[in-house]
1. Before we move on, is LEU207 assigned to a helix (DSSP H, G or I), more than 23 Å from the chain's Cα centre (by Cα) and more than 19 Å from HIS145 (Cβ to Cβ)?
2. Could you please find all residues in the stretch 150-189 being over 19 Å from PHE225 (Cα atoms), out of contact with any Leu (no Cβ under 9 Å at 6 or more places or on another chain) and among the hydroxyl-bearing types (Ser, Thr, Tyr)?
3. For ALA171, which of the numbered conditions (1) open to solvent by 40 Å² or more (accessible area, probe 1.4 Å); (2) of a type in the set (A, V, I, L, M); (3) closer than 30 Å to LEU222 by Cα fails to hold?
4. Does LEU99 meet the test of being assigned to a helix (DSSP H, G or I), touching a residue at least 60 places away in the same chain (Cβ under 8 Å) and out of contact with any Ser or Thr (no Cβ under 7 Å at 6 or more places or on another chain)?
5. Any residue that is under 43 Å from the mean Cα position of the chain (by Cα) and part of a helix (DSSP H, G or I) - is there at least one of those in the stretch 522-531?
6. Given the criterion in contact (Cβ under 8 Å) with a residue 24 or more places away in the chain and in contact with an Asp or Glu (Cβ under 6 Å, 6 or more places away or on another chain), identify the matching residue among GLY256, GLY190.
7. Out of the residues in the stretch 519-548 that are open to solvent by 20 Å² or more (accessible area, probe 1.4 Å) and acidic (Asp, Glu), state the one that is nearest to THR502 (Cα to Cα).
8. What number of residues in the stretch 237-253 are under 25 Å from ASN186 (Cα atoms) and open to solvent by 40 Å² or more (accessible area, probe 1.4 Å)?
Amino acid sequence: MSVLLMNSSHSVNDNEYFYNIDKEFTEADHDQKKIHSLYLQELNKYKKTNDLKYLLSSKYGEIFLNTESRSKKISLIYELIRINDDHYEYITAACNFFLALELEDTSPKLCLQFLNEAIKIEEKSPIKNFLPHMYHAKGRWYFTHKSYSLARIYFGKALVNFSKRDTMYIASMHNNFALCDMKTGNFDSGIKQTRYAINILKTKKKLTGDEITFMHKMIANLGLFYFYKKDYVTAERYLVKDIDYSKSEQTLSLNGVKKVAKLLSIYQSNKQLDKVKEIILLYRTLLPKTKPLKAKIAICEILVNYYIKNNDIPNVNIYSDLLIKYNNQNAQDISEEIDNVSNVLNGYILKNINQQYDVKIESQKRKNILLVILIVAVIAISVRIIFKIRKKNEAEKNILEEEKSLLESNKENLEKDLQFQQGKIKNLHLNLNLKIETEKAFLENLKKIKRSKNIDAESTVRDLFFKINNLLQIDEKNCDLINESSIENKEFMEKLSNRFSTLTDHELKLCVLYRLNLSSKEVSLLENVTPGSARVYKSKIKSKMKLDKEEDLGIFLNSIK
């Protein structure tokens, strides 16, 4: 707030006095001791003179002392409005502007109402140093509500009214133009505006801490522009700079989390797994040190999605629990803040009634109605926000539970399928061994017939017929085992043919057998060739695939998915 009030002035009557007081508070630059000293100075003046002007200036200083509590700040602003009662335009304009800023996130309509009132007063003032910040706020309001053409108009008005010495604000307006370009898809114009804004800051010899932070935000924005242009190499260069700055600061903002997520998507699409793991480690490292709850929530969502894709159930559970915890904490904080604001407004109503009992009835009704509207609006907004957050939390929890159940089910099915396939291969090996033994016995019977002339021919032929029938049954079983997954084999052979176009149809068929880890002898039995020929085929296949002699062909073939 103090930054937005810098150089504000009303040069007529006592408005000029408030301008000078505002300047002293803002130049204290968040130094609470100095601000407190200035506050006591104004309070002592009031105690000595009983002058309304000094009471207002001391109350004005209290706003700068209470920067952490929104409810306290709103209470002080309303108190200042009541005491001022439109005596001083500067105080009226400032209070309307302060309320607009405090209600920007929770009550957009009321925010715009207070902002328009402040602008109307300031535009009539002879000196308009306060006005560009109001235009900036109104441009931001339209940007938030996706009216980018109107946002550009008010950012332009702010740019025209800023002093040339306001380097930070001038750079900020060009950055805002770039953000509007990003939303409308004009990335080249956005890059040009962002570079121009960066160069404005570079003209300064020494940058403040806020200016350095803003410079890195704009550098990260360049990364986003190139990301949306699909120039991922350039995008990576700028986004990495932002990551390095985040590492040095040991924290991430919500926008920082989203920008790092873009870099993560680049690494994932390029399958740069080492860099993906570095980003995940960065998120995990900075999560405990990151303060904004919304940033913590965004980090947890990214981590949960990553571990779900990698089937890492333990980490899914860890970060799912953290995500639920942070969402609940965020909902509770919002609820408490709204309750505090409501209590402040209720307290202000009662206090206002007690202090203003002698004011005309119609005037009192008008003020009370306005305050009641504010209370109803705040309560309605709070209920809506809490309902949405709870609904979102429940939906996310259900989705996570469903995904967890699906992952476990898929894992179980894969294990069963693997056991089934291993069983089929085992049966194939057993059948082949049985075939070998049967063929040996068949050959022995033939040798007996040849050696002996007195052998019972009919009995021998019957025995041979029985063994031949066994061989045919074994071949039939082997054929069934091999062709049972013929669709899968067909897909495998098609992938293999696309990758190694020099393989013949016969060699592709042999690859299906070698993928089952069959020996050359077992392959020779299935293909009716000699074991030596099977080994020659295997060597030719490995040569065409450019595999070393030591490499296992079966392992290589099973690695092809």
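The values are calculated or read from the model by the stated rules, or taken from the named source; none is laboratory data. These figures come from a predicted structure and were not determined experimentally. Glycine also receives a Cβ, built like all others from the backbone with ideal geometry; neighbour counts cover every protein chain displayed. Accessible surface areas use protein heavy atoms only, side chains included; no ligands, DNA or RNA. Shrake-Rupley method; radii C 1.70, N 1.55, O 1.52, S 1.80 Å.
1. no
2. TYR154, SER163
3. (1)
4. So LEU99 fails the test.
5. No, because not a single residue in the stretch 522-531 is under 43 Å from the mean Cα position of the chain (by Cα) and part of a helix (DSSP H, G or I).
6. Only one candidate passes the filter, namely GLY190.
7. The extreme case among them is ASP548.
8. Total satisfying the criteria: 3.
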